[in-house]
Amino acid sequence: MANRYDPQTAEPKWRAAWEAADLYRTKSPEEAGDAPKAYVLEMFPYPSGRLHMGHVRNYAIGDVIARHKRAKGYNVLHPMGWDAFGMPAENAAIERKVDPREWTYSNIAAMKAQFAKLGLSLDWSREFATCDPEYYGEQQRLFLKFLEKGLVYRKASKVNWDPVDHTVLANEQVIDGRGWRSGALVEQRELTQWFCKITDYAEDLLASLDTLDQWPEKVRTMQANWIGRSEGLQMRFAWTGRAPRDFKDGIEVFTTRPDTLFGASFIALSPDHPLTHQLAARNPDLKAFQKACARVGTSEEAIEKAEKVGFDTGLSVKHPFEDRTLPVWVANFVLMGYGTGAIFACPAHDQRDLDFARKYDLPVTPVVCPPDADPEKFDVADDAYTGPGTIIRSDFLNGLAIESAKAGASDRIEALEAGARTVNFRLRDWGISRQRYWGCPIPVIHCDTCGVVPVPESDLPVRLPEDVSFDQPGNPLAHHPTWSSVKCPICSADARRETDTLDTFVDSSWYYARFASADDLEERAQWMPVDQYIGGVEHAILHLLYARFFARAMRDVGELDVASGEPITGLFTQGMVTHETYQTGDGRWVSPDDIERQGDIVIERGTGDPVSIGAVEKMSKSKRNTIDPDAMIGTYGADVARFFTLSDSPPDRDVEWTQSGVEGAARFAQRAWSVFDAMPEAAATNPATGASDLRRLSHKSVVAIDKAVETFRFNSAVATLYEWIGAIKKAEATAAIEDRVEACSQLARCLVLFMPHLAESCWARIGGESLVAAAPWPEIDDALLVDDTVTLPIQVNGKRRSELRAAKDTAPKDIEAAALADPEIAPFLDGKTVKKVIVVPGRIVNIVAV
RNA sequence: GCGGGCGUGAUGGAAUUGGUAGACAUACCGGACUUAAAAUCCGGAGGCUUAACCGCCGUGCGGGUUCGAGUCCCGCCGCCCGCACCA
């Protein structure tokens, strides 16, 4: 029986050794000396209670980076904590009568035990959970600083209200117009809520995206689209008749196409526009129309299918340049949330306006003529013209291109004092109030005489009460008999504590700063920004945008010293872990653990029901296609589980989990181990010298792995490991012992990035000093990276016909001569004349012959 | 509709950025070991043709640039992801 590596005994041993050596603790500035810093962070997990393969992949990727940086001499900060507030804890409380706090902390304990088995190089000394009062107390302090600076504020806004659960729902929690839990029809309610003034930073958040050159292009464009900057003109149309109350000066609209003003055909108001409300108060038909629009709901298909409908208010306004009037309609396609909630419509050049105009028989006047069309006759039918062209039928704008016409029209409107150029953003302020228990309490007090009063800093943290009941719907904090009753800090009168809590996205918007230091702003500044952040692409917009906002806001209240305001220098978004799905004839999903292959057919173990193999999908409980990391670790060890998530696909793409792939990874581990069979201790041999094939290959392999790791091409690094190991094995009989010891020593130090426990066992076999997890990256002899002789393919007219071995510095003319003399190519030159010979030194020779 | 990405053997994917396409792995086939199987080790393999060598074809499709194109340019086709009545 060959000597086999046994992960079950080796892995716990090495984890204990790492812990005893305190290897992964972040070094203090004194210990670190002038070593550069590297802050490596993976998105911290929600403590659901169990680790899944997505976690394993995420943290394995981060661990490769952290270990590599450490070996390269960086002082590495690689912390871990828990994103611990949120609805699942409350749902558990409602469904199973467990305390959310106990539920959360016991989940954390369970997951931490699972984490321990993975052998990640984490510094746990900085661990915290966002539900720790120390953490959310600090967050409350930040909230009050933001409040003081006007970065958070209260306003009334429309929210999704679930009338059964008595709570506000996020848009994501509304499915087809119904609450995701209660199934009740969601109402739009006007509530007073807290908001973060993220729009103050819209311009900078957009412009600075260009500086984030270590972020995926995709994420940057998604954020840019989300922020949605557009330049245009905000202008006023004056009334023809009596002006409605509150709108004496006319109706304000925003447009990006002032060049089409002469094609304006009507004004359209949003059904939610204040003027619509005012008019609806006296007009039951309009009120009914408004209601009908609201019912269409917020679901995307509903919006897509919704036909354009409108209501003529009977009012009209004057055209700013011409002696004519425009009717004012209410139209369902105009959004209150963008611009002013009102538009002027130019149907010839906007599809929505055109659909509406055709339906209600409103005028359509083209004013932009395409380059190849006849200006006298140009007209539109069912398709609006949105392309480039020349302005026509537009008085002083005639003959101009679109851009100049925009400027001309804007100048004129500004001269008439009827409006001004403005920039509009799609981004809206971030609503952070939640009518929930398991979140960070908002630290303010409502007093009838003093208004909104901040909780004095000495009273922080405002702790969540522990004696809450979940037996009625809604927010337990609001139902608590005493918690919200307090005295006003200013006038001491009876007052009420705010019972809303903060959106959990707030918790994760600044945790990176807290990891850098619990309370020392200077230490925070030393570590920030995060050098490498790793997580799922599903956070491309919300979390990552909020984090960028928070870093700026913290900077501006003096809580974080990052000049650029960018908290994250490098971002990597990893792909998902997928698996085949299995389903019985009656549509029941079957777990991979319960299937059995019998020849070509697949059956469910136990029942014997035939099972069909379905699509490869993200591992999920509902499809039952999950693989439990604990079970994997129990069978194959943590190294194999980690290695497999990195080896098959590039880390930014999805990886399909397969049994055979895992077995391949396990085979690799044994193969790597066997390379170290019968190796002497490194100290017992002389240092390797010379330039044997093995030495050349080993040094090249180290460089290849180094480069691949730096560029997140882990699958390529793994391929290099396979080849290298194969070569070392082949060289066992032939290579000098010194060269083999060197190769093994280098191999262990590369292997430790991916399979740290195994590498440690290998390292011990060659008597490596201390622990390989603490060893520096192998030193490379550059002279070994270039070969003395190279093999050059010889092409004739671009087709490879032969090859040539030559010393690396052979003169091109000698290579040319040797190539032409090659007997292999003679038949291909027969009857032809050589026109040209291209020699690319070290690469290729191409003979052009006709 | 807008934006981003992708298309290479049976499969996941390589290809030093314009220089030998298919590294490495999985599945498959063959051999060794074994009473046998598993495990392990060794070997094979893009397609067509051939006894074999040779030869021809080959990176979604069609064109182009180049001595040379998976890579660059133009035009199509298909798939995935994100946003979406944003004026």
At most 15 other Cβ atoms within 10 Å and a DSSP loop assignment: could you name the trypsin sites (Lys or Arg not before Pro) in the range A:762-850 that fit? A:Lys808, A:Lys832, A:Arg843
Normalise the Debye intensity by I(0) for the range A:558-620, one equal point scatterer per Cα, no solvent, then take log10 at q = 0.13 Å⁻¹ and round to two decimals. -0.49
The distance between the Cα centres of the range A:255-297 and the range A:512-572, in whole Å, is 42
Pair A:Val616, A:Thr734: separation of 7 Å Cα→Cβ label points (nm): 3.7
Please state, rounded to one decimal and in Å, the Kirkwood hydrodynamic radius that the range A:1-83 gives when every pair of distinct Cα atoms enters the mean of 1/r. 15.0
Between A:Glu681 and A:Asp781, what is the label-point separation in nm under the 7 Å Cα-to-beta-carbon projection? 2.5
For the range A:252-372, the spread of Cα positions along each principal axis, largest first, Å: 44, 33, 26
For the range A:602-713, shape from the Cα gyration tensor axes a ≥ b ≥ c, cut at a/c of 1.5 then a/b versus b/c, turns out prolate
Set of the range A:201-244 residues, backbone N closer than 16 Å to the point 7 Å along the Cα-Cβ line of A:Asn283: A:239-244
Ranked on Cβ counts within 10 Å of their own Cβ, fewest leading, A:Lys69, A:Lys112 go A:Lys112, A:Lys69
Would you mind counting up the charge near A:Val616? Only other residues with Cβ under 13 Å from its Cβ, with Lys and Arg at +1 and Asp and Glu at -1. -2
Computed curve, the range A:61-133, Cα-only Debye sum without solvent term, log₁₀ I(q)/I(0) at 0.19 Å⁻¹, is -0.83
Could you list which residues have their amide H under 5 Å from that of A:Gly536, counting only those 5 or more apart in sequence or on another chain, with H placed in the peptide plane? A:Gln574
Give the span of the range A:319-425's Cα atoms along each principal axis, as three whole-Å numbers ordered largest to smallest. 38, 36, 30
Whose amide H sits under 5 Å from the amide H of A:Thr365, counting only residues 5 or more places off or on another chain, with H placed in the peptide plane? A:Ala348
Between A:Ser182 and A:Lys377, what is the label-to-label distance in nm when each label sits 7 Å out along the Cα-to-Cβ direction? 6.3
Starting from the alpha-carbon convex hull of chain A, give the projected area averaged over all orientations, in nm². 51.5
Just need the Rg to Rh number for the range A:130-210, please, alpha carbons only, Kirkwood Rh. 1.09
I need two numbers for the range A:407-565: Rg to one decimal and Dmax as a whole number, Cα atoms only, in Å. 21.3, 67
Amide proton proximity set for A:Thr340, modelled H, under 5 Å, gap of 5+: A:Phe254
Against the longest principal axis of chain A, how steep is helix A:638-647, in degrees 0 to 90 to the nearest 10, with axes from Cα atoms? 70
Kirkwood hydrodynamic radius (C-alpha pairs) into Stokes-Einstein, the range A:183-295, 10 °C and 1.306 mPa s, D in µm²/s: 86
May I ask you to derive the FRET efficiency for A:Ala631 and A:Ala32 from their Cβ-Cβ distance with R0 = 35 Å, giving the value to the nearest 0.05? 0.30
Would you mind checking A:Lys145/A:Lys487; A:Lys97/A:Lys145; A:Lys72/A:Lys730; A:Lys155/A:Lys218; A:Lys248/A:Lys308; A:Lys97/A:Lys158 for any pair whose Cα atoms are more than 26 angstrom apart? A:Lys97/A:Lys145; A:Lys72/A:Lys730; A:Lys155/A:Lys218; A:Lys248/A:Lys308; A:Lys97/A:Lys158
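Values quoted throughout were computed directly from the atomic coordinates according to the rules given, and no laboratory measurement underlies them. Just so you know, these numbers come straight off a predicted model, no measurement behind them. Ideal geometry is used to build each Cβ from the backbone, glycine not excepted, and the neighbour counts take in all protein chains shown.
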